[in-house]
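Please read the structure below before turning to the comments.
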């Protein structure tokens, strides 16, 4: 509910201006968690994570660094699936007195921890690959091929499982990760085939570095996005100046300042601003129009606006549509 307060302020020169402050908190809660989405994510998580463990054990037994790298890539995808599942589950938990925004940031913190762990894995793979190039280790090519082919089939099943969930953004993002992991399985199959048919052992550490670069690429994007959210940066798909100009161009708006836009988590975007308007009686209609505009045009639903109005002295000139940060 809006709260209104009136405060008279004595101005220099003996003039009085009356400022009315309206605080409106438009909170919209969305339930992103659907049982069908959660079930698909859980099945894909169990399949991907479980076979990642199989590949890790197989990589150690066959001596293949490429297989271990592919296992690492599958663990990255399993982590992405886990984060998507957490996002679905957390979306159902309401905010409380201790956590007024709810628990959505847990997903971001998890993504940050996962990213740092994957970067450490990439460093280890590269160091181990250099060591194996200098001192080659025997690799069981046939064993690598068999495990990698099964891994390829597992990724195809996971992608098929997630492809049924067209409307869930978390599931779609996780599917992109799984599809990317197909390249890791192909690399491991290639390494196993080359070693089995030619005996060239160096292909294993070389392709393991290629797979580790795939891990690094997806991990770096995840790390950058998580850090941006934790720093409360403006969402990358939104332009602060453009939205400020849109607010300032609303009829009856004199000035917009203290404009802030940030990502709470995932697609949940919040906005707060102080708006100076011409007439108090027009504010309820303006508020309704501004909320609709921000929601329809920019997808912003969590909106907090503070409106201030005051009588304008004839001798005083106030710039219209001015944005001040």
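The values are calculated or read from the model by the stated rules, or taken from the named source; none is laboratory data. It should be emphasised that the depicted structure is a prediction, and the values quoted were computed from it without experimental measurement. For neighbour counting, all protein chains shown are included, and Cβ atoms are generated from backbone atoms with ideal geometry for every residue, glycine included.
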Worksheet item: Restricting attention to the range 253-285, which residues are surrounded by fewer than 16 Cβ atoms within 10 Å (Cβ to Cβ) and touching a helix residue (DSSP H, G or I) at 6+ places or on another chain (Cβ under 8 Å)?
Response: 267
Worksheet entry | Selection count where residues are farther than 11 Å from residue 307 by Cβ and more than 21 Å from the chain's Cα centre (by Cα), scope the range 256-277 | 3
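Yes/no per residue for (1) crowded, with 24+ Cβ neighbours inside 10 Å; (2) more than 20 Å from residue 111 (Cβ to Cβ); (3) free of Cβ contacts under 8 Å to residues at least 24 places away in the same chain:
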site: 49; (1), (2), (3): no, no, no
site: 58; (1), (2), (3): yes, yes, no
site: 68; (1), (2), (3): yes, yes, no
site: 87; (1), (2), (3): yes, no, no
Item to complete: Output yes when any residue across the range 3-18 is modelled with pLDDT under 80, over 27 Å from residue 221 (Cα atoms), in contact with a helix residue (DSSP H, G or I) (Cβ under 6 Å, 6 or more places away or on another chain) and not assigned by TED's automatic domain parsing to the domain that holds residue 130, and no when none is.
Response: no
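Every residue, every condition in (1) in a helix (DSSP H, G or I); (2) crowded, with 21+ Cβ neighbours inside 10 Å; (3) in the same structural domain as residue 48 (by TED's automatic domain parsing), yes or no:
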| residue | (1), (2), (3) |
| --- | --- |
| 97 | no, no, yes |
| 102 | no, no, yes |
| 116 | yes, no, yes |
| 124 | yes, no, yes |
| 127 | yes, no, yes |
| 133 | yes, no, yes |
| 146 | yes, no, yes |
| 151 | yes, yes, yes |
Discussion item. For the range 224-237, which positions are farther than 12 Å from residue 108 by Cα and surrounded by fewer than 16 Cβ atoms within 10 Å (Cβ to Cβ)?
Written reply: 233, 236, 237
Practice prompt. Go through the range 200-229 and give me each residue that's free of Cβ contacts under 8 Å to residues at least 40 places away in the same chain and assigned to a loop (DSSP other than H, G, I, E, B).
Written response: 200
Worksheet, complete the sentence: Residue set 287, 294; condition outside the structural domain of residue 222 (by TED's automatic domain parsing), outside any loop (DSSP other than H, G, I, E, B) and under 27 Å from residue 103 (Cβ atoms); output residue 294
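With the structure loaded, tell me whether residue 232 is under 30 Å from residue 268 (Cβ atoms), part of a helix (DSSP H, G or I) and modelled with pLDDT of 90 or more or whether it fails that test.
Details: under 30 Å from residue 268 (Cβ atoms): yes; part of a helix (DSSP H, G or I): no; modelled with pLDDT of 90 or more: yes.
It is false that residue 232 is under 30 Å from residue 268 (Cβ atoms), part of a helix (DSSP H, G or I) and modelled with pLDDT of 90 or more.
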